[in-house]
Amino acid sequence: MANVTKSASQMFEEEAARWEETEMQIGCSTEYGVTVLRCWIHSDGAKADGVSERLKRYHAAAEETMKNKLGPHWYDHFLRTRSCCSICGTGFRLENLGMCTHCDALIGYCHQFDGGMAPNGNLKCPRCKDGETVG
């Protein structure tokens, strides 16, 4: 049987289901994880795939967790962090890098189209070739 990678939609929906089953314990508890979820939920791919009410509730809870943990402006502070493109090393602020839903790749403008398109219309990650690049 072929190894089939789950789509970002399937992955996030399963995460939300686990959250609900485990009495609301947040799975994505890092700034990176919550930002990837936030960006994916607002992406064209999410609009094409659809976002369940459970996933919307999970996202709101994850955002609240970050707000309580790091303060009300955690997202803006996080996006001001500098990092670099995982493909070529060019430096950017995180606000100018795409993030992969499946691996820890950060993708700059320099390589955003190198992975092609996912079936839902989001860009695919040029590094892992499985995830969607969002942000």
Residue ranges of strands (runs of 3 or more DSSP E) in the range 62-129 with at least 3 members within 16 Å of G45 (Cβ to Cβ): 98-100
Can you give me the number of residues within the range 70-88 that are open to solvent by 40 Å² or more (accessible area, probe 1.4 Å) and free of Cβ contacts under 8 Å to residues at least 12 places away in the same chain? 4
Going through the range 107-124 one residue at a time, which ones are free of Cβ contacts under 8 Å to residues at least 60 places away in the same chain and either open to solvent by less than 20 Å² (accessible area, probe 1.4 Å) or not hydrophobic (A, V, I, L, M, F, W, C) (or both)? I107, G108, Y109, H111, Q112, D114, G115, G116, K124
Among the residues of the range 77-134, what is the count of those that are over 21 Å from E31 (Cα atoms) and of a type in the set (S, T, N, Q)? 4
Go through the range 92-135 residue by residue and tally those that are of a type in the set (S, T, N, Q), more than 16 Å from F12 (Cβ to Cβ) and modelled with pLDDT of 95 or more. 1
So in the range 58-69, with the set limited to residues that are in contact (Cβ under 8 Å) with a residue 12 or more places away in the chain and within 16 Å of the chain's Cα centre (by Cα), which one is surrounded by the fewest Cβ atoms within 10 Å (Cβ to Cβ)? A61
Would you pick out the residues in the range 34-57 that are touching a residue at least 60 places away in the same chain (Cβ under 8 Å), more than 14 Å from the chain's Cα centre (by Cα) and surrounded by fewer than 17 Cβ atoms within 10 Å (Cβ to Cβ)? A48
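The values are calculated or read from the model by the stated rules, or taken from the named source; none is laboratory data. Just so you know, these numbers come straight off a predicted model, no measurement behind them. With ideal geometry, Cβ positions are generated from the backbone for all residues, glycine too; neighbour counts draw on all protein chains shown. For accessibility, only protein heavy atoms count, side chains too; no ligands or nucleic acids. Shrake-Rupley method; radii C 1.70, N 1.55, O 1.52, S 1.80 Å.
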